[in-house]
Amino acid sequence: MSKHEHDEIEEQLIETIDEDGNIINFELIDIIEMDGKEYGLLLPKEDENDDSDEEKEVVLMRLTKEGEEYVFEMIEDDDEFNKVVDYIDSLEDIGEEIE
């Protein structure tokens, strides 16, 4: 999870800690609103020492507010995750139709 001020989203760099205590850096691509909740689309930030040519996958996390801070959380519920993915796919389809 990562805590930051909502106003700092413009910075677009998010630092999270995985379940093993490793720090993972992400670039915030976008925030999507659905059903009164916010979700962040995050792309793993390349490590300077990482010379692999692997394509990075976008990570989807729920954005919740705790007091004055915002926290990115993994989406544990498969139904919720799939619903958000379907919603994002529908937005992409609409964008293709407009072009």
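Does segment 28-35 contain any residue that is part of a helix (DSSP H, G or I), at pLDDT 90 or above and more than 13 Å from the chain's Cα centre (by Cα)?
Within segment 28-35 (the criterion being part of a helix (DSSP H, G or I), at pLDDT 90 or above and more than 13 Å from the chain's Cα centre (by Cα)), the answer is no, since none of the residues qualifies.
When the residues of segment 12-35 are narrowed to those that are of a type in the set (V, I, T) and under 18 Å from R62 (Cβ atoms), which ends up surrounded by the fewest Cβ atoms within 10 Å (Cβ to Cβ)?
I17
Can you tell me which residue is nearest to E92 (Cα to Cα) among those in segment 45-69 that are assigned to a strand (DSSP E or B) and at pLDDT below 90?
Across segment 45-69, the extreme among qualifying residues is K65.
Is it the case that some residue within segment 72-94 is modelled with pLDDT of 90 or more, of a type in the set (G, A, S), loosely packed, with under 11 Cβ neighbours inside 10 Å and not in a helix (DSSP H, G or I)?
Scanning segment 72-94 turns up no residue that is modelled with pLDDT of 90 or more, of a type in the set (G, A, S), loosely packed, with under 11 Cβ neighbours inside 10 Å and not in a helix (DSSP H, G or I).
Using beta carbons and a limit of 9 Å, which pairs, at least six apart or on different chains, have the first residue in segment 81-92 and at negative phi and the second one among the β-branched types (V, I, T)?
Final answer for the pair search is F81/I75; V84/I32; V84/I75; Y87/I32; I88/I32; L91/I32.
Restricting the search to segment 36-45, which residues are without any contact (Cβ under 8 Å) to a residue 24 or more places away in the chain and within 14 Å of R62 (Cβ to Cβ)?
G36
From the set of residues in segment 18-27 that are of a type in the set (A, V, I, L, M, F, W, C) and more than 9 Å from the chain's Cα centre (by Cα), which is farthest from Y87 (Cα to Cα)?
Restricting to residues being of a type in the set (A, V, I, L, M, F, W, C) and more than 9 Å from the chain's Cα centre (by Cα), the top hit is I23.
The values are calculated or read from the model by the stated rules, or taken from the named source; none is laboratory data. This structure is a prediction, so every number in the text was calculated from the model and none was measured. So basically every Cβ, Gly included, is an ideal-geometry build from the backbone, and we count neighbours across all protein chains shown.
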